[in-house]
């Protein structure tokens, strides 16, 4: 009996069958994020999302953002852990539109690799779907790409796009920022999705499964801790907050000025919150200057809320977790001062 000839495309390194299997493995996870607004999702050329609910808003503004998770994916691939990366990409994007006051509507993902592993893709998308469900956000569609010759063997990349909505009057930052406003810091869960090229260099040659005394758990667990979402903890307080700064790539130095007017600066009081041991370990092992640490990493503060001085305690009371008063706004140029 003659065997079927092997697909020329498969010989070139791309398996359509593997792509179809990946879709089947992720189908239930994706559909679990659907609400009645989703009119067409997985399998369609384009996702359809009903905008009827926006008619009940006075002046809805759509807010969109796209991002990736950087070289954190190399660590995930190295140890074969993929679901947490899905949480990373969704929560990073949620936090990026939250700083403008937006609530997420739907999310789109992109997963690319040198050779498609259906189980790996399903694990990544399963993490994406879980994070979307937690946020009440539909995973409306996505793309899986197999690109031999573009990516190295056993490596992959991931990106995502989110669309949310906010009433125009509630768009952040507000125009009434002023000297004397206070910075409230919410803790991060780890490095989130930034600084991993530096962290990987610092720990080069270190066994990722080793338990470091400073951490009390395997190094890889600390490094792959998912990026957290601030949507729920800030939900009840959002109406009273003047501005939010997501401490992502660029750390404190680059991100806080993005929400400041030209005549205000932010003073950040070092020592006003506990810096998690992972960051201290990175700094010591890499012999990294403090200013650079605060420009690369979040140093334990993943989101900063700017609030009126008279509203500090009331707003902290609306946030269901420990927060820290970490500084204030003063007159000056649009920059950050670490003191």
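The numbers here are math on the coordinates, done by the rules we state, and not lab data. Treat the numbers as computed from the prediction; the structure is a model and nothing was measured. Positions of Cβ are generated from backbone atoms using ideal geometry, with glycine treated the same way; all protein chains shown enter the neighbour counts.
Given axes a ≥ b ≥ c from the Cα gyration tensor, I'd like to know whether segment 242-339 is rounded (a/c under 1.5), prolate (a/b larger than b/c) or oblate.
oblate
With each pseudo-label sitting 7 Å past Cα toward Cβ, what's the residue 335-residue 32 distance in nm, one decimal?
Result for the modelled spin labels: 4.9 nm.
In degrees, nearest 10, range 0 to 90: what is the angle between the Cα axis of helix 83-98 and the longest Cα principal axis of the chain?
Its long axis makes an angle of about 40 degrees.
In a Gaussian network model over the chain where Cα atoms closer than 10 Å are linked, find which of 210, 114, 84 has the largest mean-square fluctuation.
210
Can you tell me the relative contact order of segment 13-170? Whole percent, Cα pairs under 8 Å, sequence separation 6 or more.
38
Compute the angle between helix 16-31 and the longest alpha-carbon principal axis of the chain, please, reported from 0 to 90 degrees and rounded to the nearest 10.
40
Extension gain residue 267-residue 48, at 0.36 nm per residue separation less the Cα-Cα distance, in nm?
Value of the extension gain: 74.3 nm.
At R0 = 25 Å, how high is the FRET efficiency between residue 211 and residue 232 if r is their beta carbon distance? Nearest 0.05 is fine.
E between residue 211 and residue 232, to the nearest 0.05, is 0.20.
Averaging sequence separations of C-alpha pairs under 8 Å and six or more residues apart, then dividing by the length of segment 204-339, give the relative contact order as a whole percent.
For segment 204-339, the relative contact order is 37 percent.
How far is helix 277-286 tilted off the main Cα axis of the chain, in degrees rounded to 10, range 0 to 90?
Long axis of 277-286 versus the principal axis of the chain: about 80 degrees.
Classify the chain from the C-alpha gyration tensor, please: rounded if a/c falls under 1.5, else prolate or oblate depending on whether a/b exceeds b/c. Intermediate results must be reported in sequence, preceding the final value.
Values: a/c = 2.48, a/b = 1.37, b/c = 1.81.
It is oblate, given that a/c is not under 1.5 and a/b is not larger than b/c.
Taking 0.36 nm per residue of sequence separation and subtracting the Cα-Cα distance, how much length would be gained by fully extending the chain between residue 287 and residue 56, in nm to one decimal?
Gain in length upon complete extension: 77.7 nm.
Could you work out the relative contact order of the chain? I mean the mean sequence separation of Cα pairs under 8 Å and 6+ apart, divided by the number of residues, in percent.
Reported as a whole number, the value is 21 percent.
Determine, from the Cβ-Cβ distance of residue 318 and residue 110 and an R0 of 41 Å, the FRET efficiency 1/(1 + (r/R0)^6), rounded to the nearest 0.05.
Numbers: r = 36 Å, r/R0 = 0.87.
Given R0 = 41 Å and the Cβ-Cβ separation, E is 0.70.
Measuring from label point to label point, each 7 Å out along Cα→Cβ, what is the residue 171 to residue 280 span in nm?
So the label points at residue 171 and residue 280 sit 4.3 nm apart.
Each label point is 7 Å from the Cα along the Cα-to-Cβ direction; what then is the distance between the points at residue 145 and residue 179, in nm?
5.0
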